[in-house]
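Structure first, then comments.
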Amino acid sequence: ETVAVTCRGSTCGEVSLIPAKSYITGNSMCLDGIEADLSSYHFVYQLLRHRGFNDVISGSAQPQIVGNAIKRIRIAIPKLGEQQKIAECLTTLDEVIAAQSQKLDALKTHKKGLMENLSLMYDATFPGSI
């Protein structure tokens with residue numbers, strides 16, 4: 001498992017937690033130097049995801065992040081136990097947000113169906129109306 005940052009194109013600066021034995025294209029950089037006994041990959045993922053990379057993205061037509069720019073980024077890292085607790089809390093919140101987003105999407109779809117049914121009922125009740 002590792003943290004990767006998309007370094008080119010429209011998703012430049014997007015941070016992902018990549019499972020072990022994944023294929024990574026040349027459009028991403030993996031942060032392989034994270035020492036597991038000092039840092040939690042999940043904490044680093046959450047921290048960088050919320051930090052963002054706007055300050056190191058260059059170019060406009062084809063935005064990119066180069067290795068030297070990403071190496072200059074400095075972040076404060078608490079002790080491993082605290083990192084794990086923070087990462088667990090943020091991961092749980094992400095899961096809650098994703099579940100609520102799915103519920104919202106389902107409700108929007110349901111509403112759209114109800115509105116279509118209402119429209120059909122109106123048309124049947126008042127044929128030829130505007």
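The values are calculated or read from the model by the stated rules, or taken from the named source; none is laboratory data. Here the structure is a predicted model, which is why all the values come from computation and not from measurement. Note that we place each Cβ from the backbone using ideal geometry, even for glycine, and neighbour counts take in every protein chain shown. SASA here: full protein model, heavy atoms, side chains in, ligands and nucleic acids out. Shrake-Rupley method; radii C 1.70, N 1.55, O 1.52, S 1.80 Å.
Some observations on this one:
- Summed over the stretch 50-82, the residues that are part of a helix (DSSP H, G or I) and among the small types (Gly, Ala, Ser) give a count of 3.
- Checking each residue in the stretch 1-49 for being over 21 Å from ALA61 (Cβ atoms), among the hydrophobic types (A, V, I, L, M, F, W, C) and outside any helix (DSSP H, G or I) picks out VAL3, ALA4, VAL15, LEU17, ILE18, ALA20, ILE24, CYS30, LEU31, ILE34, ALA36, LEU38.
- From the options ILE34, ILE75, ILE65, ILE70, residue that is open to solvent by 50 Å² or more (accessible area, probe 1.4 Å) and among the β-branched types (Val, Ile, Thr): ILE75
- When ASN54, ASN68 are screened for being under 13 Å from VAL15 (Cα atoms) and out of contact with any Lys or Arg (no Cβ under 6 Å at 6 or more places or on another chain), only ASN54 passes.
- Test: residue in the stretch 101-110 that is out of contact with any strand residue (DSSP E or B) (no Cβ under 9 Å at 6 or more places or on another chain), at pLDDT below 90 and open to solvent by less than 70 Å² (accessible area, probe 1.4 Å): no
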